[in-house]
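Data first, discussion second: the structure below is written as structure tokens.
Just so it is clear, none of the values below were taken in a lab; they were calculated from the coordinates. If you're wondering where the values come from, they're calculated on a predicted model, not measured in any experiment. In this analysis, Cβ positions are derived from the backbone assuming ideal geometry, glycine residues included, and neighbour counts consider all displayed protein chains.
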Amino acid sequence: MSVLDWLDERLDLSGIRHFIAEKGVPVHTQKIWYYLGGMTLFLFGVQVSTGILLLLYYRPSATEAYESVQFVVTQVQFGWLIRNIHSWSANLLVALAFAHFFSVFFLKSYRKPRELTWVTGVLLLFLMLGFGFSGYLLPWNELSFFATKVGTGIAGAVPFIGHFTLRLLRGGDDVTGATLSRFYGLHVAVLPMLTTALVALHLLFVQRQGMSVPIKIEKRLKPGERLPQMPFFPNYILRDVLAWYVVIAVLVVLAAFYPWELGKKADPFAVVPAGIRPEWYFLATFHTLKLLPSHLLGFEGERVGVVGFGLVAVLLVLVPFLDRRASRGESSRAFTVLAVLGLVYLVSFTIIGHYAE
Amino acid sequence: MALTDKPPLSAGAAAPFDRRSFLDALLTVGFVSSAVAIAYPVGRYLIPPASGEPATESAVAGRAGALRPNSAAIFKFGSKPGIVVRTADGDVRAFSAVCTHLDCTVQFKTDTSQFWCACHNGIYDLGGNVVSGPPPRGLEKFVVNIRGEGDEAEIVASRA
Amino acid sequence: MCPPNTEERNARNARNAMHLCGLCVLAFCLVAERPVLAQTPPSANNCQTCHQTQQDPRIAAPAALFSQPDVHRESGFACADCHGGDPAATERARAHDAARGFKGKPSGEALVATCVRCHSDAAFMRRFAPKQRVDQGAEYATSMHGQQLAKGDKNVATCASCHGAHGIRRVSDAKSPVFPTNVANTCAACHADTKRMGAYQLPDGSPLPTHQLADYQKGVHYTALTKGNDLSAPTCNDCHGNHGAVPPGVGSIANVCGTCHAVFAQKFATSVHKDLFDKGCVECHSNHAVLKPSDAMLGSAGPGVCAPCHSAEDKGDRGTAAGEMMRAEIERLKTGIEQSDALISRVRNAGIEVTDQQLALREAATQLTLARTEMHAFEPTQIVPIIAEGMKIVAAVDVAGQNGVSELRYRRTGLAASLGAILIFVVGLGLKVRQIDRRQHGRPPDTD
């Protein structure tokens, strides 16, 4: 008797077994994009595992944080590897999350009946950015300290609730040890909790509804015709694992050739180093805010920018409800153009922001 | 042929069975080695390192039994030198060994029972206070605790 | 209502009594040359009450000052104890009566005598400040100021010029003109005044310089005193003397600097320059504008201070060669330490433990400081072993640094090996997927 049979006797796994046996993934020319979601999830798993390992040695206080990271990297066996993987995987995670987001955006997979999947997905994207922002401060080095100072300062530009938000984020008026404690709590408890809930929902919806097929391909189907299906288990899942291993390989190469530096310990009273800027995934928005004139339409430029980005975020969440044509199963050129514009904007402004002084 | 009804094998062609088992073997080897490559570092990571914890706030200054009265020893406090001294009365004290004048490392003179900096003749007393010479301030004083008992008792110096 | 004759008798009695009081007071004043004991507060100090109400600021100011923190007043002394006169008197004539000892405003030698009267009396001073010295008067007589005063020059500083006369604060009081941070400004009040100093000349006939304060403020001693809060840093009196103020003689400059910079003075005393230098330490380091020394000062090239005597072009000059050699050695160690530091910083940043190396580099830096001290013996061969010791440490650190670099490379190799394992698995998995597809469909699957 196998283990599965033993469990089956007690828990009745027939539903699950049937589901796994029957579950299929449609086969068509665009199916390569299907793997991005799983890869993002895998990287999240890597982050949780390496994060928990780092938790065993990290100390979230202004006097000890930097030293504890230094300790992990220099004294703990393979600490340098765990830390490097965590730092690089964070960047890859955000990159893949964006890739997954854009692929869904382009392929209009958000259309009816998958609106909720999209909503949970966009919220997850924001959560990943939150992870990146909160985690960046934790080593408490010069770069991260000042980047946080600038970033939370921008949060203060939100109208009405700006100052309150700034104080809430910083745990006070300035970036101090209190900020570090808060960001630590956010990074290891609050955000993981929210992410777990949303990921569970996101996956539940995907499993219930199956994979979406691009409109163009769907339209070519004759009534009653179904696309050929690939069995989820073992065909698709093995391909998924393959993709994950490729990601591991990329991580290993990055950790080997571009190890993450310790930097200098943060000194709150030091002068802000020239050219301070946030991590690459915030560069586009950061640079946009820098380019805005000091006054626009009678309001402070930065404030207009922040409100603008807030509006864009809300609109993004609402895309499935705004794209009527896609919901009807028709090709939606307008939203494709929007997606292209969005992608071009993000990529170009990230590059400009990187090379600007 | 009565002995076997298997189709004759053509020379040089591998049977599908062999290829499959080769592939499975390759997969197993690959999986196991990559799993080891992942599990091994994680396992070693979990083992506590020799130095215990980051030495920001405290450091071990030596064994209590090894320090004779009216003698001192240099120890490592983070990346800077410290000096631990046992006075003639048996009292154990620890200070930063970084001279406050130009960062030279001070030493202990047993004849005068004072700390002396060889660079420009700065002299500190057993309380770390400046007695004479160029140092503008006294030596940073550490809090001393003895951990353990008997021969292996350790002197632990911590930042005040 | 008293009968007239009683009134007359009372008035007469009162007048008699007053006269008697006055006689007694007068007698007491005449007899007692010493000041009133501290236990008896000046019951009648009409000097102050009268002077404070005067319009003329020259008369009112001293009285006002005296009522502010003043060490003499706080010890129980009053106007009459220095100026004489009758403190109980209410009219000017009586109060200022010379017969009652009134001296007016003393100046010059009279002023010095007024102060010295008490301050050179050991038994007397013991009652108020037992530790205080009682030879200031004698010292002053040996000073330039004292000598000039003896010759009849009234333009020189006396006790009151530096300590004040009224509102005298203790030397330890931060507002005192002779508190360490204030001394230079007090001296400069006269010595930076070109008009005043114009009347004097140096022994060789050249005019007295007036830029000493400006020079001193450029130097390290001034910075240490005013910004470093190091009250042990020297100001005018530490080198020139307190009361016996005279510029240090030619032979004694090294001794003067050597009171604090003992090690350098010791080394210098063994050197060839000891008997050659007119002005000892000042030849290279200046007397007032003592700037932070740098390695660039060593040698004949560029800003090197050896150049005035040891020409850079003269290849046969042993001094030039010695200077160059010592400079080269020191630079060698300095560069060595910098490079080692850069190496281990790089390695540390990448994640290797280097606190032992950081400690060792501190020892190397100590050797560098020792070399710079030894240099003052001006004997290159004495520097060589110190530098060698330092370079040995640097070499050891470099080895450790290279080990760190090797460790980094080793990590890279290890990761490459893991990559190999991962790639084998990826390839195997890829083939397996293809195999499974083939098995299921009986034909090659769709391209991925």
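Shielding of peptide A:245-252 by partners, expressed as the average count of other chain Cβ atoms within 10 Å per residue Cβ, is 6.
When you work out D = kT/(6 pi eta Rh) for the range C:103-173 at 25 °C and 0.890 mPa s, using the Kirkwood radius from C-alpha pairs as Rh and the Stokes-Einstein form, the result is 189 µm²/s. B:Asp111 to C:Ala417: FRET efficiency via 1/(1 + (r/R0)^6), r the Cβ-Cβ distance, R0 56 Å, to the nearest 0.05? Calculated value: 0.40. Projecting label points 7 angstrom from Cα along Cα→Cβ for A:Leu343 and A:Leu56 puts them 4.2 nm apart.
So what's the angle, to the nearest 10 degrees on a 0 to 90 scale, between helix C:355-374 and the longest Cα principal axis of chain C? For helix C:355-374, the angle is close to 50 degrees. Per residue of B:39-45, other chain Cβ atoms within 10 Å of the residue Cβ number 6 on average. Per-residue 3J(HN,Hα) values for the range A:209-222, derived from phi via the Karplus relation 6.51 cos²θ - 1.76 cosθ + 1.60 with θ = phi - 60°, read 9, x, 7, 7, 10, x, 4, 4, 5, 4, 5, 6, 6, 7 Hz in sequence order (x marks Gly and Pro). By its C-alpha gyration tensor, with a ≥ b ≥ c as the square roots of the eigenvalues, how is chain A shaped: rounded for a/c under 1.5, else prolate for a/b larger than b/c, else oblate? Note, shape of chain A comes out oblate. Mind checking the full-extension length gain between C:Val399 and C:Glu109? Use 0.36 nm per residue of separation minus the Cα-Cα distance, one decimal, nm. Here the answer is 97.1 nm. Rounded to the nearest 20, the Cβ-based charge dipole of chain C about its Cα centre (Lys and Arg +1, Asp and Glu -1) stands at 1200 debye. Size of the range A:209-269: Rg and Dmax of its alpha carbons, in Å, are 22.3, 70.
Shielding by partners for peptide A:28-35, expressed as the average number of C-beta atoms from other protein chains within 10 Å of each residue's C-beta, is 1.
Net charge within 14 Å of C:Ala165 by Cβ-Cβ distance, Lys/Arg positive one each and Asp/Glu negative one each, not counting C:Ala165 itself?
Result for the local shell: +3.
Computed from label points 7 Å out along Cα-Cβ, the spacing between B:Asn129 and C:Thr90 is 5.5 nm.
Using r as the Cβ-Cβ distance of A:Val272 and A:Thr165, and R0 as 35 Å, what FRET efficiency do you calculate, to the nearest 0.05?
0.95
Each principal axis of chain B carries a Cα extent, and these read 110, 37, 25 Å when sorted largest first.
The eigenvalues of the Cα gyration tensor, multiplied by 5 and square-rooted, give the protein assembly as shown an equivalent ellipsoid with semi-axes of 86, 39, 28 Å from largest to smallest. Note on chain C: Cα-only Rg and Dmax are 39.4, 157 Å.
Against the main long axis of the alpha-carbon atoms of chain B, helix B:16-46 sits at an angle near 10°.
Here's the picture: charge each Lys and Arg Cβ at +1 and each Asp and Glu Cβ at -1 in the range A:102-201, and of A:Leu198, A:Val188, A:Gly171 the one pushed furthest to the positive end of that dipole is A:Leu198. Per-residue packing, averaged as other Cβ atoms within 10 Å, sorts the ranges B:105-118, B:22-35 into the order B:105-118, B:22-35, beginning with the highest. The range C:106-241 has equivalent-ellipsoid semi-axes of 25, 22, 12 Å, by the square roots of 5 times the alpha carbon gyration tensor eigenvalues, sorted largest first.
Taking a point 7 Å from the Cα of A:Lys219 along the Cα-to-Cβ direction, the residues of the range A:321-350 with backbone N closer than 15 Å to it are A:324-337. Each eigenvalue of the Cα gyration tensor of the range A:210-357, multiplied by 5 and square-rooted, gives one semi-axis; in descending order these are 40, 29, 12 Å. For C:Lys131 and A:Gln30, the FRET efficiency from 1/(1 + (r/R0)^6), where r spans their Cβ atoms and R0 equals 60 Å, is about 0.05. Once the Cα atoms are used to define both axes, helix A:280-291 deviates from the longest principal axis of chain A by about 60 degrees. Rounded to the nearest 20, the size of the Cβ-charge dipole of the protein assembly as shown about its Cα centre is 2980 debye, with Lys and Arg at +1 and Asp and Glu at -1.
In this simple spin-label model, placing a label point 7 Å from the Cα along the Cα-to-Cβ direction at both C:Thr259 and C:Ala122 gives a separation of 2.2 nm. Per-residue ellipticity at 222 nm from helix content only, as computed over the protein assembly as shown with -39500 (n - 2.57) for each DSSP H run of at least four residues, stands at -17500 deg cm²/dmol. For B:Ser71, the amide hydrogen comes within under 5 Å of the amide hydrogens of B:Arg86, counting only partners 5 or more places away or on other chains and with H modelled in the peptide plane.
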